[in-house]
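S.K.: Below is a structure I'd like to ask you about.
Every number in this text was worked out from the coordinates using simple rules, so none of it is lab data. Bear in mind the structure is a predicted one, so any value in this text is a computation, not a measurement. All Cβ positions, even for glycine, are placed from backbone atoms using ideal geometry, and neighbour counts span all protein chains on display.
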Amino acid sequence: MNLNILEKAVKILREYKLCTNCLGRMFGMLGTGLTNMERGESIVVTLMMLADEAAKNKGGLESNQVIEALQNVVDFKPLDKFLSERACLKQGENICYICENIFSRLEESIKNSLNEISSYEFKTFLVGTNIGEKIIEREDNFRAKYSLTWGESIKSELNREIGKIIKHYFPEVETNFENPHIVIEYSIPDFNYKINVTPVFIYGRYRKLVRGIPQTKWICKSCKGAGCERCGFKGKMYEISVEELISKPVIDKLKGVNAKFHGAGREDIDAIMSGFGRPFVLEVKGAKKRFVELKHLETEINEYANGKVEVSDLNWSSRSIIRKIKALSKITRKKYKAIVQLTSSVPDEKLIEAEKYFSNMLIQQRTPKRVAHRRSDKLREKQVYSLNIRRISDDRLEVIVDCQGGLYVKELISGDDGRTKPSLSEILGAEAKCIQLDVLEVDFPNNELKTEIF
């Protein structure tokens, strides 16, 4: 037999004590524009009226059954007078069977987190809850027992109601389900909480103006960063890196915990990165500040780097840009200047021949021996668009290489014992070695990237 809402409510309340939130939530998919508390209160008020009607007219639901049900409604003030006028007393503890009165102390419990929340700059937020297993089990069993198909989960209601409280205390912020600045997670019923901060992403370009600096922090493999004799008890193999020179002032400015550097490829440690610079995204984690003037930040980074590194074109970015610059770095054009040492003099005709030979030449390149310890051994095909050679002396050349991203230029010159074919050494008929390398240009589509930068 199908019972209507009121009959089902009476049946439920005669057996269990419920607050108006939990009662209303059992019918949460019925009616629009109402909170679950309002649904529950509406049911209780209607039952109060029906009890009066039944007592006077001897019709409808039995008066004593309704009164019995109303005695199990938890924490609804208008009901207290109604029951006392009928000499009815609530039996046992006034505690909701499902939530244990969580909703009645919700705002007071949330207040404990407001001070820490206010220490973060944010415009968007999201609330999450981890509900105790006993509460979830009670609700699931309850809904199954009474075949309640119109209900909403307690998790959904708590997330929404806590969000309203946060919004009340921070009226300028908005809920965002896709990419919130912060996510506040509460454990229920103890209301312990943690704040998860969405990383701040900053896009820019860097120029590396000195040699001998790696792009990223190079942790000592022997001690894993703990410090040992090999690394001079510093935990890293190089004193400083591009990553550290850029990250430190940003972390300080944004009051972040740490940062991760994502570059569009990387130059060798002994190479200069000049021109307009190499694109990068800095991912700052745990930032308490996220609304800063990027031009000022750019100046602070450059002052801190003190001529070693220089950044430009800083913009707010997103995680999708990281994926894009990583993918594009393998195919975009790059230009290098290499100083090449020859073991023997080569006539000018050979240099002209080499320039023509490498015009739009496809290079077969196996992973170089010098990086085989950290790169998978595989064959790559990369395009050389042009080679321009200028003689510096009998046995020294300046070579400008215009090529596809991902080409190992040092090995293009030396041949790497036959692992790169063809090579400049092979075509010149003399051993050739790159003794100095500069990255002149990384041809990245800034306009395309900026369509996704905010």
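S.K.: Using the crude model of +1 on Lys and Arg Cβ and -1 on Asp and Glu Cβ, and no other charge, please compute the dipole size for the chain relative to its Cα centre, in debye to 20.
M.R.: Details: 73 positive and 64 negative charges, 217 e Å.
Using Cβ point charges on Lys, Arg, Asp and Glu, the chain gives about 1040 debye.
S.K.: For the stretch 200-329, would you read off the P(r) tail past 17 Å as a percentage of all alpha carbon pairs?
M.R.: Values: 4892 of 8385 pairs.
Result: 58 percent of Cα pairs exceed 17 Å.
S.K.: While we're here: Kindly put 262, 373, 168 in sequence by how many other C-beta atoms sit within 10 Å of each C-beta, fewest to most. List each step's numbers first, then the result.
M.R.: Values: 262 20, 373 7, 168 10.
Result, fewest neighbours first: 373, 168, 262.
S.K.: Run the count for the stretch 103-197, please: Lys pairs, Cα-Cα under 17 angstrom, 8 or more apart or on different chains.
M.R.: Total qualifying Lys-Lys pairs in the stretch 103-197 comes to 9.
S.K.: Lys pairs in the stretch 5-85, Cα-Cα under 22 Å, at least 8 apart or on separate chains: how many?
M.R.: Values: 8/17; 8/58; 11/56; 11/58; 11/77; 17/77; 17/81; 56/81.
For the stretch 5-85, qualifying lysine pairs total 8.
S.K.: Continuing with the same structure: Using Cα-Cα distances under 8 Å and only pairs 6 or more residues apart, what relative contact order does the stretch 103-197 have, in percent?
M.R.: Values: 100 pairs, mean separation 41.8, N = 95.
Relative contact order comes out at 44 percent.
S.K.: State log₁₀ I(q)/I(0) for the stretch 333-442 at q = 0.16, 0.20 Å⁻¹ as given by the Debye formula over alpha-carbon point scatterers of equal weight, solvent excluded.
M.R.: One equal scatterer on each Cα of the stretch 333-442 leads to -0.65, -1.03.
S.K.: Report Rg/Rh for the stretch 8-120, rounded to two decimals, where Rg is the Cα radius of gyration and Rh the Kirkwood radius.
M.R.: Working: Rg = 16.3 Å, Rh = 15.2 Å.
For the stretch 8-120, the value is 1.07.
S.K.: Now a separate question. Taking the Cβ of residue 188 as the center, what net charge do the other residues with Cβ under 13 Å away carry, scoring Lys and Arg +1 and Asp and Glu -1? Spell out each step's value before the answer.
M.R.: Working: positive: 105, 134, 138, 155; negative: 100, 133, 139, 157, 161, 185, 190.
Result for the local shell: -3.
S.K.: Continuing with this model, one more query. How many percent of DSSP beta bridges within the chain run antiparallel, rounded to 5? Walk me through the intermediate numbers first.
M.R.: Values: 60 of 73 bridges.
Of all bridge pairs located within the chain, approximately 80 percent are antiparallel.
S.K.: By the scheme Lys and Arg +1, Asp and Glu -1, what is the net charge of all other residues having a beta-carbon under 14 Å from that of residue 122? Intermediate values should be presented prior to the final figure.
M.R.: Working: positive: 123, 167, 255, 288, 289, 290; negative: 116, 121, 172, 174.
Neighbour charge sum, excluding residue 122 itself: +2.
S.K.: May I pose another question? Can you put 83, 379 in order, fewest other beta carbons within 10 Å first?
M.R.: On the way: 83 17, 379 9.
Neighbour counts put them in this order, fewest first: 379, 83.
S.K.: If we restrict to alpha carbons, what Rg and Dmax does the stretch 103-197 come to, in Å?
M.R.: Cα only, the stretch 103-197: 14.5, 46 Å (Rg, Dmax).
S.K.: Any idea what the relative contact order of the chain is, in percent, if you count C-alpha pairs under 8 Å spaced at least 6 apart? Provide the component values of the computation, followed by the final result.
M.R.: Numbers: 843 pairs, mean separation 55.6, N = 454.
Relative CO of the chain lands at 12 percent.
S.K.: At 222 nm, what value in deg cm²/dmol follows for the chain if DSSP H runs of at least 4 each add -39500 (n - 2.57) and the sum is divided by all its residues, to the nearest 500?
M.R.: Values: 15 runs with 158 residues, N = 454.
Using -39500 (n - 2.57) per qualifying helix, the result is -10500 deg cm²/dmol.
S.K.: Sticking with this structure for a sec: Name the aspartates and glutamates eligible as straight-distance cross-link partners of residue 289: C-alpha to C-alpha under 14 Å, and not fewer than 8 places from it in the same chain.
M.R.: Hits, sequence-local ones excluded: 116, 121, 252.
S.K.: A further question on this structure: Tell me the relative contact order for the stretch 333-442 as a rounded percent, counting alpha carbon contacts under 8 Å between residues six or more apart.
M.R.: Relative contact order, the stretch 333-442: 42 percent.
S.K.: Taking only Cα atoms of the chain, what ratio of Rg to Rh do you get with Rh as the Kirkwood inverse-distance radius?
M.R.: Details: Rg = 34.9 Å, Rh = 27.9 Å.
Using only Cα positions, Rg/Rh for the chain is 1.25.
S.K.: Let me ask you something else. Can you list the aspartates and glutamates whose alpha carbon sits under 19 Å from that of residue 248, skipping same-chain ones fewer than 8 residues off?
M.R.: 239, 283, 293, 298, 300, 303, 310, 313
S.K.: Sticking with this structure for a sec: Could you let me know the centre-to-centre spacing of the stretch 130-162 and the stretch 274-290, using Cα atoms, in angstrom?
M.R.: Here the answer is 43 Å between Cα centres.
S.K.: Taking every pair of distinct Cα atoms and averaging 1/r, then inverting, what Kirkwood hydrodynamic radius in Å comes out for the stretch 277-371? Please list the in-between numbers first.
M.R.: Numbers: mean 1/r = 0.0543 Å⁻¹.
Roughly 18.4 Å, rounded to one decimal.
S.K.: Within the stretch 333-442, how many lysine pairs that are 8 or more places apart, or on different chains, have C-alpha atoms less than 12 Å apart? Present the calculation step by step, with values, prior to reporting the outcome.
M.R.: Values: 334/382; 337/410; 369/378; 369/410; 382/421; 410/433.
The result is 6.
S.K.: Let me spell out the model: positive unit charges on the Cβ of Lys and Arg, negative unit charges on the Cβ of Asp and Glu, origin at the Cα centre of the stretch 103-197. What dipole size does that give, in debye rounded to 20?
M.R.: Details: 12 positive and 16 negative charges, 44 e Å.
Value, rounded to 20: 220 debye.
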